Amino acid sequence: MAASSFERRLLAAPDRPGVYLMKDARGNVLYVGKASVLSNRLRSYFGSPASLPAKTRRMLGQLDDFECIVTDTEAEALILENTLIKRHRPRYNARLKDDKTYPYLKVALNEDFPRVYITRRVAKDGARYFGPFATTGTVRKTMDLVKRLFPYRSCTKNITANDPRPCLEYFINRCVAPCTGYATREDYDKVIQQVILFMEGDTEAVTRDLQENMQKASDNLEFERAAVLRDRMRSVERVAEEQRIKVDANPVSDMDVIALAQKDQETWVEVFFVRRNKLIGRDHFFMEGAQDDDPGLIIGQFIKQFYQSASEIPRRILVQHPLEEEELIREWLQGLRGGPVRMVLPKRGQHKKLVNLVAENASQGLDQYRVRWLDNTDIIKGAMAELREELGLPTDLRRMECYDISHIQGSNTVGSMVVFEEGRPKPSQYRRFRVKTVEGVDDFESMREVLRRRFNRMAEVRARQVQQSDDDSSPADDTWGIFPDLVLIDGGKGQLSAALEVLLEMGLDNVTLASLAKENEWLFVPHTPEPIILPRNSQALYLVQRIRDEAHRFAVTYHRNLRSKSSLRSPIDSVNGIGPKRKRMLMRKFGSLNGIKQASIDEIAAVPGMTRSLALLVKQSI
């Protein structure tokens, strides 16, 4: 788009900090950016194309409009930029490849006998949150480790201390049984405090506490309890030794270390979490829309998006590349943390070695990811053959379809169907469904509706093909009529039963059906009570996970688009005669809905394209 097309608007652009949104002809947001001076930043896009990065030139080739939002400070612009990137997910912004939210480990301190469990919502409820983690698999591994070390309760029952006997977990030393009164509130609180100290990386305090309790038990001749505490202490010491890494003796021993690896379209960001000179955790994240971006820009975008919802921000963050807007990001992090934060780009010494180690892990992780799946025909064929054998099928799995349901508390419920042929995605044959007959939260009934609609379409197409064949005309070329070799459902036994019910009522008992349960990544098939447990390093498991994740991504994307459209509607959208163009003119003139509300009828009528009668309707609507 030539600069002359926007010449007047560029001249009128505000000399203030704020956020700008680049849009295509359909109104889709292509890019969200922020600037300390909006007018200067916008004009930079319309200079010589040769001076612009290739990615920016591609974006400008689709640009049809832009929009400015003024803020009081550049820090406010940074926060707004993060919010808009998460809402619109612009294709030309580097952004975290996420689901709806990342999982956290929650210690529910607001309960009488606190539980430890996984959540995706962080609230100001007095609980302690640890995370976010990249996947539920990562947080479950952490939770399994904590559960092996500390005997907190995993049940959800109301604790009265009056139960006649404890459950099995007490006898295998996995719970102190407060339900029976074997442990007092104070005893249980000590266990929970040990969990928190361990998650914070303070294993010395945990072992010290266990040592004191072991000695007290021994002095009281409670030798069996002392032996249990001794074994627990040794387990904690063993984990602590595995976590220990060599970091200098600087008092600031709490830090996150961030590095990345980029190849073609993939960007892998690796994070090491160091607390009290121990590596208490590590995780990796994929970034979308990051191709052709400078590594420092990508790390800056990752930091803004990751720490916006992080439960903890350390005093020091080590990075692999110099950041753009480092000072602004540092001030923003300090505001979130309520204390000082240092951004460090180490040049030498132990910290440099640590950053190099994280970068090497990022590179190795991305290489392994790519080697396994990018155009590796042998691996894909092996995965399909392994899956066929596990399912006991007589024929090859040429076409696999996977279905998923997405909603938030029953609103805007949608379904997705993704297709993989010969082990590779076939996006042209993906289908999406807006659920029409189900009210509220009912994933089973929503799945039934989606499958009925899909296989009814298959029956219609096949009937039409038979009719055309009888008429000696060319058969209909409609992908709805292709019979799948495997139908995969995202979910456990409940979703599988709902799907089986639909297939049986439609007479499709020859369709191979399976479901993949997220909790343990087990495959369930009809008429078999025990799951198919694929090895964790199985290529067949990786294949079905990839298909399931693609169905989930497709469903979430569709749901997010519907939700964005409904959330972005304003009262004036319902005014008959006010379309996108007039609404845009009103927003340009008055800046916001509140500005329109404050304007008089005459001022609104003076806007190009408006009339007095329309202005009166607008005022009545708001």
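Values quoted throughout were computed directly from the atomic coordinates according to the rules given, and no laboratory measurement underlies them. Every value quoted in this text rests on a predicted model; they were computed, and no experiment measured them. Cβ coordinates were reconstructed from backbone atoms using ideal geometry, including for glycine residues, and neighbour counts include every protein chain displayed.
Residues whose amide H falls under 5 Å from that of C175, counting only those 5 or more places apart or on a different chain, are Y170, with hydrogens built in the peptide plane. Directionally averaged projected area (the stretch 255-373, Cα convex hull): 7.5 nm². Each DSSP beta bridge with both residues in the chain is either parallel or antiparallel, and the antiparallel ones are about 80%. Rounded to the nearest whole Hz, the Karplus-based 3J(HN,Hα) values (6.51 cos²θ - 1.76 cosθ + 1.60, θ = phi - 60°) of the stretch 208-218 follow the sequence 4, 5, 5, 4, 5, 5, 5, 5, 5, 4, 5, with x at glycine and proline. Counting pairwise Cα distances across the stretch 113-181, what percent come out greater than 15 angstrom? I get 60 percent for the Cα pairs in the stretch 113-181 exceeding 15 Å. Dividing the convex hull volume of the alpha-carbon atoms in the stretch 379-565 by its residue count gives 137 Å³ per residue. Scattering from the chain was approximated by placing one identical point on each alpha carbon and applying the Debye formula without solvent; log10 I(q)/I(0) at 0.05, 0.09 1/Å stands at -0.30, -0.96. Its Cα gyration tensor gives the stretch 86-131 an equivalent ellipsoid. The semi-axes, each the square root of 5 times an eigenvalue, are 30, 9, 7 Å from largest down.
Computed from Cα atoms alone, the Kirkwood hydrodynamic radius reported for the stretch 57-175 is 18.5 Å. In plain terms, the C-alpha convex hull of the stretch 571-621 casts an average shadow of 2.8 nm² when viewed from every direction. Using the Karplus relation 6.51 cos²θ - 1.76 cosθ + 1.60 with θ = phi - 60°, the per-residue 3J(HN,Hα) values for the stretch 182-199 come to 5, 10, 7, 4, 5, 4, 5, 4, 5, 4, 5, 5, 5, 4, 5, 4, 5, 5 Hz, with x marking Gly and Pro.
Spin-label model, E505/D378: points 7 Å from Cα along the beta carbon direction are separated by 4.8 nm.
Computed from the Cβ-Cβ distance with R0 of 45 Å, the FRET efficiency linking Y117 to D602 stands at 0.15.
Amide hydrogen proximity for A127: with H placed 1.01 Å from N in the peptide plane, the residues at 5 or more positions away or on another chain lying under 5 Å are L109, N110.
The alpha carbons of the stretch 10-58 stretch over 27, 26, 17 Å along the principal axes, in descending order. Centre-to-centre, using Cα atoms only, the stretch 133-212 and the stretch 275-307 are separated by 32 Å.
Residues whose amide H falls under 5 Å from that of T267, counting only those 5 or more places apart or on a different chain, are M287, with hydrogens built in the peptide plane.
Stretching the chain fully between I172 and D294 yields a gain of 38.7 nm (0.36 nm per residue, less the alpha carbon separation). Label sites at L616 and S428, each approximated as a point 7 angstrom past Cα along Cα to Cβ, lie 5.6 nm apart. Estimated from helices alone, the mean residue ellipticity of the chain at 222 nm is -14000 deg cm²/dmol (sum of -39500 (n - 2.57) over DSSP H runs with n ≥ 4, per residue).
The Rg/Rh ratio of the stretch 1-86, with Rg taken over Cα atoms and Rh as the Kirkwood radius over Cα pairs, comes to 0.95.
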